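Colleague: Here it is, the structure, as structure tokens.
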Amino acid sequence: MGRRDGCSRGKGGSMHFYKKENGFYGGHGIVGAQIPLGCGLAFAQKYLKEENVTFALYGDGAANQGQLFEALNMTALWDLPAILVCENNHYGMGTAEWRAAKSPAYYKRGDYVPGLKVDGMDVLAVKQACKFAKEYVLKNGPIIIEMDTYRYHGHSMSDPGSTYRTRDEISGIRQERDPIERVRKLILSHDLATEKELKDVEKEVRKEVDEAIAQAKESPMPDPAELFSNIYVKGLGVEAFGVDRKELRAALP
């Protein structure tokens, strides 16, 4: 388990970030399962006549999921304001796209839904694509955006990230397409900031990250009883008690 002060009280990782008041409905532990949920949110937005849209993100590894095409079909039938974003890092969890997909041109897979391919390593291109997509789906229904991107590290702690690609490939992408470096060069070339000002920003960000890590490490572990909270309705479920918390009391429906 994680730490008690985490967003899910130690029960999950980054996939469980969630903040409804900001319109962020989190990820999902099941590969691709967030797509129909996102389309459901788009249905609610249209039903309530809101001028909002939903961005439902998934990776190239989830692009072959059946639920993607089922959700896409309903979304297109009802002209829902949904933008399906495929973050294509070309290796999924560790398998090259050409080995996993007969057609890795993910933005063309919509058939009856139009698609765009965007350089996901270009901040300004992504901004413009998202702006266009929002205006489009409010009038016409869903669209697919394939973000051509890349990850430098492994998919998880157990993945070194170098068994299915070369280190030269990774360093080459970092040197030629790194999004932060590209923005930095643009800012400097247009005299929007000095080298020192950018360094100061970087120091501030590193300081903020270090402080967040320190705070997380100081947070206590959750009580074992938390294993059973938020699973059953109030008054039902299993509760750990006793001096060593090894005794269980169950009240099931």
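The values are calculated or read from the model by the stated rules, or taken from the named source; none is laboratory data. Nothing here was measured: the structure is a model prediction, and the numbers come from that model. Every residue, glycine as well, gets a Cβ built from its backbone with ideal geometry; the counts of neighbours run over all protein chains shown. SASA here: full protein model, heavy atoms, side chains in, ligands and nucleic acids out. Shrake-Rupley method; radii C 1.70, N 1.55, O 1.52, S 1.80 Å.
Colleague: Please report the spacing between the Cα centers of segment 60-77 and segment 80-97 in Å, no decimals.
Modeller: 12
Colleague: Per residue of segment 170-180, in order, report the coupling 6.51 cos²θ - 1.76 cosθ + 1.60 (Karplus, θ = phi - 60°) as ³J(HN,Hα) in whole Hz, putting x for Gly and Pro.
Modeller: Whole-Hz 3J(HN,Hα) from phi for segment 170-180: 5, 5, x, 5, 4, 6, 9, 10, 3, x, 5.
Colleague: So, one more: Among (1) -0.48, -0.58, -0.86, -1.32; (2) -0.45, -0.57, -0.96, -1.36; (3) -0.35, -0.43, -0.72, -1.27, which is the computed log10 I(q)/I(0) by the Debye sum over Cα atoms at q = 0.08, 0.09, 0.12, 0.17 Å⁻¹?
Modeller: Working out log10 I(q)/I(0) by the Debye sum over Cα atoms at q = 0.08, 0.09, 0.12, 0.17 Å⁻¹ from the coordinates points to (2).
Colleague: With the other protein chains left in place, how much accessible area per residue, in square angstrom, belongs to the chain at a 1.4 angstrom probe?
Modeller: Normalised by residue count, the accessible surface of the chain is 68 Å².
Colleague: FRET efficiency for ILE30 and VAL201, Cβ-Cβ distance as r, R0 = 30 Å, nearest 0.05?
Modeller: After rounding, the FRET efficiency stands at 0.20.
Colleague: Once phi is turned into θ = phi - 60°, what whole-Hz ³J(HN,Hα) does the Karplus curve with 6.51, -1.76 and 1.60 give for every residue of segment 113-121, x standing for Gly and Pro?
Modeller: Taking θ as phi minus 60°, the curve returns 10, x, x, 10, 10, 10, 6, x, 9 Hz for segment 113-121.
Colleague: List, in order, the whole-Hz ³J(HN,Hα) value for each residue of segment 205-222 obtained from phi through the Karplus relation with A = 6.51, B = -1.76, C = 1.60 and θ = phi - 60°; use x for Gly and Pro.
Modeller: Per-residue couplings from phi come out as 5, 4, 5, 5, 5, 4, 5, 5, 5, 4, 5, 5, 5, 7, 5, x, 6, x Hz.
Colleague: So for segment 32-152, if I pair up every lysine 8 or more residues apart or on another chain, how many of those pairs have alpha-carbons under 26 Å apart?
Modeller: 22
Colleague: Rounded to the nearest 500 deg cm²/dmol, what is the calculated helix-only ellipticity per residue at 222 nm for the chain, with -39500 (n - 2.57) per DSSP H run of length n ≥ 4?
Modeller: Helix-only estimate at 222 nm: -12000 deg cm²/dmol.
Colleague: Pull up the cross-link candidates among the aspartates and glutamates for LYS196, meaning alpha carbon to alpha carbon under 17 Å and not fewer than 8 places away within one chain.
Modeller: Output for LYS196: GLU181, GLU204.
Colleague: Which is the longest run of the chain containing none of the GluC sites (Glu not before Pro) found in DSSP loop states (not H, G, I, E, B) with at most 16 other C-beta atoms within 10 Å?
Modeller: Longest run free of exposed loop sites: 52-253.
Colleague: Rounded, prolate or oblate for segment 46-141? Axes are the square roots of the Cα gyration tensor eigenvalues, ordered a ≥ b ≥ c, and the cut-off for rounded is a/c under 1.5.
Modeller: It comes out oblate by the Cα gyration axes.
Colleague: First select every other residue whose beta carbon is under 12 angstrom from the beta carbon of GLY10; then total the charges, Lys and Arg +1, Asp and Glu -1.
Modeller: +1
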